[in-house]
Amino acid sequence: KMSGNSNAQKYYIDEIFTAAANGDVEAITKGYNMLSISPDVTDKMGWTPLMCAARNGHVNVMGFLLQQGADPKHMNKSGQTALDVASFWNQTGSVNFLNGFLKPNKSPVMEVVHYFGFSALDRQSYQRSDENEMKKAMRMENAKYVVFADLQLLVSNDAVTGKSQNVVYLTWGEIEKYLSIVDHDLIFLGVGNIDKGLLVRETHHAQLNDSPYFAVNFKKVSRDDEFSPEKYNGSFTDKDNRRLMMMLQKNESGLVAQARSVLAWHERYNFCPTCGNETIMKDFGYKRLCISESCTTHKGAHNTSFPRTDPVVIILVASKDGSKCLLGRQSRFPRGMYSCIAGFMEPGESIEDAARREVFEESGVKVGQVEYHSSQPWPFPSNIMIGLIGRAVCDDINVDKVELEDARWFDKPEVAKAILEGFGRKEGLVVPPHTAIAHHLIKTWVQRNSNSNL
């Protein structure tokens, strides 16, 4: 934000860019003191003062700008960061300075947390088998219930027409009467306080006065005397559940992902995969028990009795020289959208080899080095997306038209522009929205120097 008249703003902004390019710390300090100017102010090409200083090797100016809060990962319209600019112009001093700033000798950075991965509840798995304690928790005054009908989430009507979807939470008093008249599944989610917006890694355990959270899925809601969402100023998401569930508040997204994944498992596993008899829910949602006492699932631990999560690898592949990235397109994607290559892991397969196999099968590109980036729960129905970044050993493409409609290499400026213009871009390349792990894999590659190992 800037104060003062526009002529003064333009004058001092020009002075700041000139001072950054010339290495004049005194002049650039004066410019920032005269007006409240963002350290990431840009020119018509998207360059910042930090980039100008990095271009000419003025480490003293770079230090001042970074102290003012300049973002070293800011990209210009060519998709370059200050580090990319310094590397291109062979400014070794600038490169070393920025690398030192970006990779300080500090304690390890915590993992990236994506949408659907905001775990804000202490799941308290040790409580699930204590039916008496669970029933007490259900009736607590501060207990909260997330409601689904046929796996469609109840959200606020105000949120439906606004900027985001907000989950409607019901109390025991509001939901008790429906549990006796509507067929349902009810599961325990955990204890916490969603409103605080704190992750489990920040709080570790439930605090005093935190709420127990439950989720219920009504199998069919049709009669007038059954559950009516209008009473709670809410409505159920329609069959386009995926799109609407990507619009929740991020601190609610993890809770909803957990609830929908487990409830969807109960919808699919009504019969024992081992002997074919019916199963019943146990441990407040985290186990299904075969009704046949002679079934082998009653002896020891069997994975047929517990909720499943299917691992999926998703990888951003950089070209052999690092200047481009490989993106693929499926026919069901929105117009213009390309994304990272992804696919299910197979038994007896490492994460890295699963990624290499999927990329080669779908695009014909061979991948060498692979590194882990982050993961994302994906509740459609219950996957864990394992995000990776890899480097191709050859750039030849041979698209499998059964798997993909198209696959191609995109250069960094084009991808950077797609990220900056967002998911609503009308022409050219469109990348997945920020709620998808693919978006962050692509963005990480754009922000990296082309000469990095990956």
*At a Cα cut-off below 16 Å, give the aspartates and glutamates reachable from Lys30, other chains included and same-chain residues fewer than 8 away excluded.*
Asp14, Glu15
*asked:* Straight-line reach from Lys135: which lysines fall under 26 Å, measuring Cα to Cα and dropping same-chain residues less than 8 apart?
replied: Lys144, Lys177, Lys196, Lys219, Lys220, Lys231, Lys282, Lys287
*Gyration tensor verdict on the stretch 307-361 (Cα atoms; rounded if a/c is under 1.5, prolate if a/b is larger than b/c, oblate otherwise)*: oblate
*Which value, in debye to the nearest 20, describes the size of the charge dipole of the stretch 310-447 about its Cα centre when Lys and Arg Cβ atoms bear +1, Asp and Glu Cβ atoms bear -1, and nothing else is charged?*
560 debye
*Shape call for the stretch 112-208 from the C-alpha gyration tensor, a ≥ b ≥ c root eigenvalues: rounded (a/c under 1.5), prolate (a/b greater than b/c) or oblate?*
oblate
*Over the stretch 121-268, what is the mean sequence separation of C-alpha contacts under 8 Å (at least six apart), divided by residue count, expressed as relative contact order in percent?*
35 percent
_Distance between the stretch 259-281 and the stretch 347-401 - C-alpha centres, whole angstrom_ = 30 Å
*Antiparallel as a % of all DSSP beta bridges within the chain, to the nearest 5?*
75 percent
*Cleavage-rule hits (GluC sites (Glu not before Pro)) in the stretch 363-431: DSSP loop, at most 13 neighbouring Cβ within 10 angstrom*: Glu405, Glu427
*Pull up the DSSP beta bridges for the stretch 310-447 and report the antiparallel fraction as a percent, rounded to 5.*
70 percent
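Quick one: Leu316, Leu179, Leu170, fewest Cβ neighbours within 10 Å first, how do they rank?
On the way: Leu316 25, Leu179 16, Leu170 21.
Lowest count first: Leu179, Leu170, Leu316.
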*Please get the size of the charge dipole for the chain, origin at its Cα centre, with Cβ charges of +1 on Lys and Arg and -1 on Asp and Glu, quoted in debye to the nearest 20.*
480 debye
*Fewest to most neighbouring Cβ within 10 Å: what's the order for Lys144, Lys426, Lys282?*
Lys426, Lys282, Lys144
*For n ≥ 4 DSSP H runs only, could you compute -39500 (n - 2.57) per run for the chain, divide by its residues and tell me the 222 nm figure to the nearest 500?*
-9000 deg cm²/dmol
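In what order do Cys340, Cys394, Cys295 fall by count of nearby beta-carbon atoms within 10 Å, going from fewest to most? Spell out each step's value before the answer.
Details: Cys340 29, Cys394 12, Cys295 19.
Ranking Cys340, Cys394, Cys295 by Cβ neighbours within 10 Å, fewest first, gives Cys394, Cys295, Cys340.
Quick note: the coordinates plus some simple rules give every number you see, no bench work behind them. On a predicted model such as this, the values are computed, not experimentally measured, just so you know. For neighbour counting, all protein chains shown are included, and Cβ atoms are generated from backbone atoms with ideal geometry for every residue, glycine included.
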